[in-house]
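Asker: Please read through the structure below; I'll follow up with questions.
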Amino acid sequence: MNVLNEWAFVGIFIAIAWVFPALPIIIARFFGPKKPNAIKLMTYESGVETVGDTWVQFKIQYYLYGLVFLIFDVEMVFLFPWAVAYNELNFFAFGAGLLFIFLLTDALIYAWRKNALEWS
Amino acid sequence: MDCSSVVVCDLLRSGGMDPGLAMFIALLLGVVLVTTIPLVTVIFLIWVERKVAARIQDRLGPNRVGPFGLLQTFADMIKLITKENITPANADRVVYNFAPLLSVVSVVLIWAVIPFTPYHIGTDLEIGALYIVAVASLGTLAIMTAGWASNNKYALLGAFRVVAQLVSYEVPLVFALLVPIMLAGSMGMQDIVYAQAGMWFFFMVPLSAVLLFIASHAETGRGPFDLIEAESEIIAGFNIEYSGMKFGMFFAAEFIHVFTNAVLMAVFFFGGWWGPGALDAPLLALLYLGLKSAVIYFIYLWVRNTFPRVRIDQLLDLNWKFFVPLSIVNVLVVAFVLKILQELQIAVPLNASTNFLATIPMTVVLLLVNVAMTYALIAWLRNRGAKARQVDLANQHEDIVVAGAAGD
Amino acid sequence: MIEINAQSIAFAILAVLTLGGGLGVVLNRNLFRGAIWLMVSLFGVAGIFVLLSAPFLAAVQVLVYIGAIAILITFAVMLTRSMTNLGERFVRRTAGIVVAVLLFFFILLGTILPVWGVDGTRYDDVSAPAENVATTRELGVALVDGNQFVLPFEVASLLLTAAMIGAIVIAREDEE
């Protein structure tokens, strides 16, 4: 139960935290003018009328960075408990961690060699 | 956390209230208190930021509203409140309104686990550090949704850049964070602070501290990493279509984020609230934390206002081809040295009762290793830079020759 | 009977978040909004992990699923053409309903049987929270202990490497 009480704080925090940014926005609603017109509501792209659809296909490069990040994200998750327990572990554990990181570094080197980390 | 250990809860219960409800109200009050701290600080910090930026650029900065322009932020707030809130006709209204809220919430949530004093912390989660990383990753989402919902090409382009940048720099950030966790043997924020009773982690592993500093600076998207809102390229990036208080919320989120990073740096590497007499006087402890954070915050501002912006390809290369390998090697080297020190009985367990003198041998060894690593790094970089310059020079020479030949 | 206490109220809220988010994903015709609903659903799951005294998994859920996978999904959505107004509709209604009902039935069976028992005897201690909840430290020790999970730990690393290589090969196919 002790652990859950700690998390009850977080739960309430998550609920309350929305109030603080929402409050000024709601207050501003009462004080600010409201005179919308067609030109004001246009998409602002440097004063030029917007051409075509915004939601179009984009550079695949962004996706590749996302993929590489995802792999590292999962790796980091495994390393957190390893780091926490590290002081109680022996050299074998260091070796296990080393091997784990080494295998993933391979992936990084592969991505590097295949130019997946290249911007253009 | 037990009802009897919380003053407010005890008070309410003695007034004849249901213990469960009393606990709930006590929690609620705690939450409101913890949330208010960053939100009130940020009002002051905006003034500090403008003043420091002005001084660095040899200007005066705000000096009209109130003494030293102290009330400038309030004037700005009044201005933002009385501005019209324009929602572009093409925007996805629900998502558009949701994004600025999420961006503030993701930063404010971090404060739930920040230890203010030995006795005052929102909640000391066992997985505190991981909680921080997890919650902070929601900020990326806020910017992504903002860029998408605006239905504007600049906004979307800005949002993509952010995701590429924020997501990339999360990797060295976490690897740098692993080092203090490893030293403290815990992810709990209070445990990490207590572990620095003998010695600040900065003196043991300065390289990790610098890595965390740079990565967290990139996470806030400020100069030299301010590609997100590169005014000269994509106007303002993801928040181009936002106006009034909704824009103000993105702005506030950024400021709170920088200050939060400064506090986190203080907690992870500079002993948090530790200082002489901190255990007996909570107010003194809070002052120590505040002072340390203020100094680190100043360095963030200094960096922001001094370095020129990098290009997006440079930014990503710097991360994936330099910081990521470096942070991985750093973790492994520190782990290796630490294990050897532990096997040789030189390393002492780090906790609240650790003596300053007892930590000196391990600090010296770790520091020397860090210095050696940094030295090797700088030597390698210098070498590489020299080679790159030679190639550049050769190319230039060739260009001149070619141009000269064409001119004849 | 389910007791009404803080825990059950929290569970109710989280269940609504999880299931409501899931419904939002399925029913939304705008792919990006669907992705956002997915995050809501995943967030609810993270909360349920907390209720099950597995805060580490909850943080992982937020960090990996919301912070990384959801972002990847939004990227994938951006790679799809006409993601905001999908014209096609699923026509085989009857078949869909039959499959859904059958699936629901089997899942219900799978969840209820272990609780109620095959022969009608109910295991009452199912709802009681475990006394000894493993800490992150114990998890770390177990991960690199030669007698416990060191092999899965390393295999996970190998799997991640394979996943990354596969992803890069597929994503860059068109350029070579």
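The values are calculated or read from the model by the stated rules, or taken from the named source; none is laboratory data. Given the structure is predicted, the values throughout are model-derived calculations rather than measurements. Here the Cβ is made from the backbone with ideal geometry for all residues, glycine too, and neighbour counts use every protein chain on show. These accessible areas exclude ligands, DNA and RNA; they are computed on the full protein's heavy atoms, side chains included. Shrake-Rupley method; radii C 1.70, N 1.55, O 1.52, S 1.80 Å.
Asker: With respect to the numbered conditions (1) closer than 17 Å to B:Ile114 by Cβ; (2) open to solvent by less than 30 Å² (accessible area, probe 1.4 Å), which one is the sole condition not fulfilled by B:Val32?
Answerer: Going through the list (1) closer than 17 Å to B:Ile114 by Cβ; (2) open to solvent by less than 30 Å² (accessible area, probe 1.4 Å), B:Val32 breaks only (2).
Asker: Could you pull out the residue among A:Lys34, A:Lys40 that is out of contact with any Lys or Arg (no Cβ under 8 Å at 6 or more places or on another chain), within 7 Å of chain B (Cβ to nearest Cβ) and surrounded by 12 or more Cβ atoms within 10 Å (Cβ to Cβ)? Explain how you work it out, then say what you get.
Answerer: On the way: A:Lys34 fails: surrounded by 12 or more Cβ atoms within 10 Å (Cβ to Cβ).
Of A:Lys34, A:Lys40, the one residue that is out of contact with any Lys or Arg (no Cβ under 8 Å at 6 or more places or on another chain), within 7 Å of chain B (Cβ to nearest Cβ) and surrounded by 12 or more Cβ atoms within 10 Å (Cβ to Cβ) is A:Lys40.
Asker: Would you confirm whether or not region B:176-192 contains a residue that is in contact with a helix residue (DSSP H, G or I) (Cβ under 7 Å, 6 or more places away or on another chain) and either outside the structural domain of B:Met265 (by TED's automatic domain parsing) or open to solvent by 20 Å² or more (accessible area, probe 1.4 Å) (or both)? Step through it out loud before you land on a result.
Answerer: Step one: list which residues in region B:176-192 are in contact with a helix residue (DSSP H, G or I) (Cβ under 7 Å, 6 or more places away or on another chain), which gives B:176-189, B:191-192.
Then keep just the ones that are either outside the structural domain of B:Met265 (by TED's automatic domain parsing) or open to solvent by 20 Å² or more (accessible area, probe 1.4 Å) (or both); that gives B:191.
Yes, region B:176-192 contains a residue that is in contact with a helix residue (DSSP H, G or I) (Cβ under 7 Å, 6 or more places away or on another chain) and either outside the structural domain of B:Met265 (by TED's automatic domain parsing) or open to solvent by 20 Å² or more (accessible area, probe 1.4 Å) (or both).
Asker: For the list (1) within 28 Å of B:Leu332 (Cα to Cα); (2) open to solvent by 10 Å² or more (accessible area, probe 1.4 Å); (3) in a helix (DSSP H, G or I); (4) in contact with a Phe, Trp or Tyr (Cβ under 9 Å, 6 or more places away or on another chain), I need the number of the one condition that B:Tyr131 fails.
Answerer: Answer for B:Tyr131: the failing condition is (4).
Asker: Turning to a different aspect of this structure: Which number in (1) outside any helix (DSSP H, G or I); (2) under 12 Å from the mean Cα position of the chain (by Cα) marks the one condition that C:Ser53 misses?
Answerer: Checking C:Ser53 against (1) outside any helix (DSSP H, G or I); (2) under 12 Å from the mean Cα position of the chain (by Cα), the one that fails is (2).
Asker: For C:Leu51, all conditions in the list (1) of a type outside the set (D, E, K, R); (2) at pLDDT 85 or above; (3) open to solvent by 50 Å² or more (accessible area, probe 1.4 Å); (4) farther than 25 Å from A:Val68 by Cβ hold save one; what is the number of the exception?
Answerer: Of everything listed in (1) of a type outside the set (D, E, K, R); (2) at pLDDT 85 or above; (3) open to solvent by 50 Å² or more (accessible area, probe 1.4 Å); (4) farther than 25 Å from A:Val68 by Cβ, C:Leu51 misses just condition (3).
Asker: Do we find that B:Ala134 is free of Cβ contacts under 8 Å to residues at least 24 places away in the same chain and within 10 Å of chain C (Cβ to nearest Cβ) in this structure?
Answerer: When the stated conditions are applied, B:Ala134 passes them.
Asker: Does region B:213-236 hold any residues that are at pLDDT 90 or above and open to solvent by 10 Å² or more (accessible area, probe 1.4 Å), and which are they?
Answerer: The answer is B:Phe213, B:Ile214.
Here's the yes/no breakdown for (1) away from chain C (no Cβ under 14 Å); (2) in a loop (DSSP other than H, G, I, E, B):
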{"residue": "B:Val94", "(1), (2)": "no, no"}
{"residue": "B:Val104", "(1), (2)": "yes, no"}
{"residue": "B:Val108", "(1), (2)": "yes, no"}
{"residue": "B:Thr117", "(1), (2)": "yes, yes"}
{"residue": "B:Gly147", "(1), (2)": "no, no"}
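Asker: Now for a separate question. Suppose we filter C:Phe43, C:Phe75 for residues that are within 14 Å of chain B (Cβ to nearest Cβ), surrounded by 20 or more Cβ atoms within 10 Å (Cβ to Cβ) and at pLDDT 90 or above; which single one remains? Before the answer, list the steps.
Answerer: Values: C:Phe75 fails: at pLDDT 90 or above.
Step by step, each of C:Phe43, C:Phe75 is checked, and only C:Phe43 is within 14 Å of chain B (Cβ to nearest Cβ), surrounded by 20 or more Cβ atoms within 10 Å (Cβ to Cβ) and at pLDDT 90 or above.
Asker: Output yes when any residue across region A:81-89 is among the polar types (S, T, N, Q), assigned to a helix (DSSP H, G or I) and open to solvent by less than 40 Å² (accessible area, probe 1.4 Å), and no when none is. Can you show your working first?
Answerer: Residues of region A:81-89 that are among the polar types (S, T, N, Q), as a first pass: A:87.
Those left that are additionally assigned to a helix (DSSP H, G or I): A:87.
If we keep only those that are open to solvent by less than 40 Å² (accessible area, probe 1.4 Å) too, we end up with none.
No, that holds for no residue.
Asker: Counting only residues that are within 16 Å of B:Val31 (Cα to Cα) and more than 7 Å from chain C (Cβ to nearest Cβ), which one in region B:119-128 is most open to solvent (accessible area, probe 1.4 Å)? Even if it seems obvious, please write down each step before you answer.
Answerer: Filtering region B:119-128 for residues within 16 Å of B:Val31 (Cα to Cα) gives B:119-125.
Add one more test, that the residue is more than 7 Å from chain C (Cβ to nearest Cβ), and what stays is B:119-124.
Numbers: B:Tyr119: 134, B:His120: 96, B:Ile121: 42, B:Gly122: 6, B:Thr123: 3, B:Asp124: 52 Å².
Among them, the one singled out is B:Tyr119.
Asker: Name, by its number, the condition in (1) over 21 Å from the mean Cα position of the chain (by Cα); (2) surrounded by fewer than 24 Cβ atoms within 10 Å (Cβ to Cβ); (3) among the hydrophobic types (A, V, I, L, M, F, W, C); (4) within 30 Å of B:Lys79 (Cβ to Cβ) that does not hold for B:Ile240.
Answerer: (2)
Asker: Condition first: closer than 15 Å to A:Tyr63 by Cβ and open to solvent by 10 Å² or more (accessible area, probe 1.4 Å). Now tell me which residues in region B:159-175 satisfy that.
Answerer: Residue satisfying the conditions is B:Arg161 alone.
Asker: I'd like the residue in region A:81-104 that is among the aromatic types (Phe, Trp, Tyr) and at the interface with chain C (Cβ under 7 Å from one of its Cβ atoms) and, out of all such residues, is farthest from C:Gly166 (Cα to Cα). Break it down into steps so the answer makes sense when it comes.
Answerer: Step one: list which residues in region A:81-104 are among the aromatic types (Phe, Trp, Tyr), which gives A:82, A:86, A:91-92, A:94, A:100, A:102.
Then keep just the ones that are at the interface with chain C (Cβ under 7 Å from one of its Cβ atoms); that gives A:82, A:92, A:100.
Working: A:Trp82: 27, A:Phe92: 30, A:Phe100: 19 Å.
Among them, the one singled out is A:Phe92.
Asker: Answer yes or no as to whether B:Asn370 is assigned to a loop (DSSP other than H, G, I, E, B) and closer than 25 Å to B:Leu177 by Cβ. Steps first, please.
Answerer: Values: assigned to a loop (DSSP other than H, G, I, E, B): no; closer than 25 Å to B:Leu177 by Cβ: yes.
Considered against the rule, which asks whether it is assigned to a loop (DSSP other than H, G, I, E, B) and closer than 25 Å to B:Leu177 by Cβ, B:Asn370 comes out as no.
Asker: Within region B:66-92, restricting attention to residues that are of a type in the set (D, E, K, R) and either at the interface with chain A (Cβ under 7 Å from one of its Cβ atoms) or part of a helix (DSSP H, G or I) (or both), which residue is nearest to A:Lys34 (Cα to Cα)? Steps first, answer last, please.
Answerer: Quick first cut of region B:66-92, residues of a type in the set (D, E, K, R) only: B:76, B:79, B:83-84, B:92.
From what is left, the residues that are either at the interface with chain A (Cβ under 7 Å from one of its Cβ atoms) or part of a helix (DSSP H, G or I) (or both) are B:76, B:79, B:83-84.
Values: B:Asp76: 20, B:Lys79: 15, B:Lys83: 9, B:Glu84: 6 Å.
Per the criteria, the residue is B:Glu84.
Asker: Next up: Just to be sure before I move on: is B:Gln396 open to solvent by 80 Å² or more (accessible area, probe 1.4 Å) and not in a helix (DSSP H, G or I) in the structure I sent? Spell out how you get there, then give the answer.
Answerer: Values: open to solvent by 80 Å² or more (accessible area, probe 1.4 Å): yes; not in a helix (DSSP H, G or I): no.
No: the conditions fail for B:Gln396.
Asker: When region B:91-104 is examined, which residues are found to be out of contact with any Gly (no Cβ under 9 Å at 6 or more places or on another chain) and either among the hydrophobic types (A, V, I, L, M, F, W, C) or outside the structural domain of B:Ala136 (by TED's automatic domain parsing) (or both)? Break it down into steps so the answer makes sense when it comes.
Answerer: To start, the set of residues in region B:91-104 that are out of contact with any Gly (no Cβ under 9 Å at 6 or more places or on another chain) comprises B:91-98, B:101, B:104.
Listed by number, the residues that qualify are B:Ala91, B:Val94, B:Val95, B:Phe98, B:Leu101, B:Val104.
Asker: Within region C:137-173, count every residue that is within 7 Å of chain A (Cβ to nearest Cβ), of a type outside the set (A, V, I, L, M, F, W, C) and part of a helix (DSSP H, G or I).
Answerer: Within region C:137-173, the first condition is being within 7 Å of chain A (Cβ to nearest Cβ), and the residues that meet it are C:137, C:139-141, C:143-144, C:146, C:150, C:153-154, C:156-158, C:160-161, C:163-165, C:167-168, C:171-172.
With of a type outside the set (A, V, I, L, M, F, W, C) added as a condition, the list becomes C:137, C:140, C:146, C:154, C:157, C:161, C:172.
The next check asks that each one be part of a helix (DSSP H, G or I); those that pass are C:137, C:140, C:154, C:157, C:161.
Adding up the residues that qualify gives 5.
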